[in-house]
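Only one structure is covered here, and it is reproduced in the block below.
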Amino acid sequence: MNNAQTNSIESESDNSIKAKWLSLAENFIAEFGKNAFDNWIAKISPVSFNGFELSLSVPTRFIKEWVSREYLDGKNRIIDGQKIWIKKGIKQIWEESFGELQSINLNIDEQLNTVALNTETSVEIEDKIEDNVVSISKYNNVHALGIDLNPKYTFENFVIGQTNKLAFSIAKKIAEATEVDTDTNPLFLYSGVGLGKTHLLQSIAWHIQENQKDKVVVYLSAERFMYHFVKALREQTIMEFKEKFRSIDVLIIDDIQFIASKKSTQEEFFHTFNTLVDANKQIIMACDKCPRDLEGIDDKLKSRISSGLIVDIYSPDYDLRMQIIKSKSELLGIEIDNEVLEFIAKNINTTVRDIESAIKKLVINHKLCNEEINIANAKNILKDLLKISDEAITIEKIQDVTAKYFNLTVEQVLSTNRQKDIAIARQVAMYLSKKMTTNSFPGIGKKFGGKNHATVIHSINKIEKEIEQNDKLRQDIFNISASL
Ligand code: ADP
Ligand code: MG
């Protein structure tokens, strides 16, 4: 840590705004590119944040004018009544991570000698991030529209566990196939947010780009698909648009839920989809819901996108969380005590994205403050994330949500009633309590009206067997865990 920086860190809040700002470096680079980042964004220093207003400083008037004009606020367009960011600014990027901002103040501070995103410590962190940004031309046969593919999103970097191994192996199989297998086409991949869908989709793109250079791959979000479609309509280049999309070998569309309620985009997507499938081209989609639960999507499109293989990813279980934490901390070049690893794995049981933010926060704080990472400061640094997990998953909450889902009362779920639907709900709730909390078998039994641990184990085994062959139950369990 250099001296200038040590001096500038005086208070807790000063630290936390710096940490917040630093944690956005990757997002800034992804949105503006590395050059703009180095030339402008890295010259900005965060000064204060009061929950509504963010104050930033820059060293010269020229930088102030440039940043104000080019980077503070994004440009949006309203399409189908929705605000779509064509280009995001610092404000939107901040808001995506930390919630709404009333305004940003940009001041000149000629004394400014600490450049927040350019200090020694942050450079180390960003070195790890830097090669994240690759320009489109470097992809050769892969066209990533409106986004840079993340070089870290590869199969090699994907940690495999019980909850994602099916999705992983199918994605890998598709990426390796030289011919389209109708069993896996189209592939519809779904899960809650932050569980690795985008990571897997991009892994497919990277893999094909390295191994099958003759294939044309297009990777884009459904939002981008709509953007190109609307643009083509406006510029009367719809024929080229159709041509372009219909000459693809592998079409990868992320966040397909975005086209819900966008009628004309759906219509166009339906045609593109049919043409590609009929020509035996591979389509891969990711979505935050299973097709059945997608609202605002035309039935014929819905049945078309569900006509191939549908695969889901569940929330990571304890073992996978441990593996992921180990792998992510190694990638960031930091060793974290086993005790702290276990603490994070036990307490952050929501999404991989949350686990990742936890590790990043710890690393940034460690590097800024030079403190060792132990459970006490981890608790403090990860307050926000831990709160989410605590609130999200308790046995009581699982019982409540499960009971509601099956139209039962919590009392029924906790009772000894052996009526089939009640017994299943009870077993499902026990199963989820084991999967989603860190309670022991006896602990779970106690909270289920004092059942013994053998009953709990028996129930969980039963559900585990049942979901292998019962799609409906599997789906029910997914829906319940999603609403948890
Ligand atoms: P989604 O698209 O499902 O919302 P992402 O693919 O964006 O989720 O994943 C969120 C973050 O978690 C990414 O940084 C991704 O690399 C990471 N991630 C998710 N699953 C895994 C995994 N199994 N192994 C390693 N990293 C993962
Ligand atoms: Mg995603």
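The values are calculated or read from the model by the stated rules, or taken from the named source; none is laboratory data. Because the structure is a prediction, the values reported are computed rather than measured. We place every Cβ from the backbone using ideal geometry, glycine too, and count neighbours over all the protein chains shown.
Quick notes on this structure:
Residues checked against (1) basic (Lys, Arg); (2) touching a Lys or Arg at 6+ places or on another chain (Cβ under 8 Å); (3) within 24 Å of Lys18 (Cα to Cα):
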| position | (1), (2), (3) |
| --- | --- |
| Asp337 | no, no, no |
| Arg353 | yes, no, yes |
| Ala358 | no, no, yes |
| Asn370 | no, no, yes |
| Asn374 | no, no, yes |
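- Here Ser247 clears all of (1) more than 13 Å from ligand 1 (Cβ to nearest atom); (2) small (Gly, Ala, Ser); (3) surrounded by 18 or more Cβ atoms within 10 Å (Cβ to Cβ); (4) farther than 26 Å from Lys83 by Cα except the condition numbered (3).
- Total residues in the stretch 280-308 satisfying the condition of being β-branched (Val, Ile, Thr), in contact (Cβ under 8 Å) with a residue 40 or more places away in the chain, within 26 Å of Ser483 (Cα to Cα) and more than 16 Å from ligand 1 (Cβ to nearest atom): the figure is 1.
- Some residue of the stretch 293-301 being away from ligand 2 (no atom under 16 Å from the Cβ), assigned to a helix (DSSP H, G or I) and over 26 Å from Ile252 (Cα atoms): no
- Residue within the stretch 326-337 that is among the aliphatic types (A, V, I, L, M), surrounded by fewer than 16 Cβ atoms within 10 Å (Cβ to Cβ), modelled with pLDDT under 90 and part of a helix (DSSP H, G or I) present: yes
- Filtered residues of the stretch 257-266 (kept if within 16 Å of ligand 1 (Cβ to nearest atom) and either in contact with a Leu (Cβ under 8 Å, 6 or more places away or on another chain) or closer than 23 Å to Lys215 by Cα (or both)): Gln257
- Among all residues of the stretch 263-277, there is at least one that is in a helix (DSSP H, G or I), buried (at least 21 other Cβ atoms within 10 Å of the Cβ), among the aliphatic types (A, V, I, L, M) and touching a Lys or Arg at 6+ places or on another chain (Cβ under 9 Å).
- Of note, Trp85 satisfies the criterion of being free of Cβ contacts under 8 Å to residues at least 24 places away in the same chain, among the aromatic types (Phe, Trp, Tyr), under 30 Å from Phe225 (Cα atoms) and not in a loop (DSSP other than H, G, I, E, B).
- Criterion (over 19 Å from Gln266 (Cα atoms), more than 9 Å from ligand 1 (Cβ to nearest atom), of a type outside the set (Asp, Glu) and at pLDDT below 90) met by exactly one of Val217, Val193: Val217
- Single unsatisfied condition, Glu31 versus (1) surrounded by fewer than 18 Cβ atoms within 10 Å (Cβ to Cβ); (2) part of a helix (DSSP H, G or I): (1)
- Among residues of the stretch 224-255 being within 20 Å of Lys281 (Cβ to Cβ) and of a type in the set (Asp, Glu), the one that is nearest to ligand 2 (Cβ to nearest atom) is Asp254.
- Of all residues in the stretch 165-183 being in contact with a Leu (Cβ under 7 Å, 6 or more places away or on another chain) and at pLDDT 95 or above, the one that is nearest to ligand 1 (Cβ to nearest atom): Phe168
- Candidate set: the stretch 183-197, residues that are surrounded by 21 or more Cβ atoms within 10 Å (Cβ to Cβ) and more than 21 Å from Ile477 (Cβ to Cβ); chosen: the one farthest from ligand 2 (Cβ to nearest atom): Pro186
- Positions within the stretch 198-223 being within 13 Å of ligand 2 (Cβ to nearest atom) and not polar (S, T, N, Q), in sequence order: His199, Leu200, Leu201, Tyr219, Leu220, Ala222, Glu223
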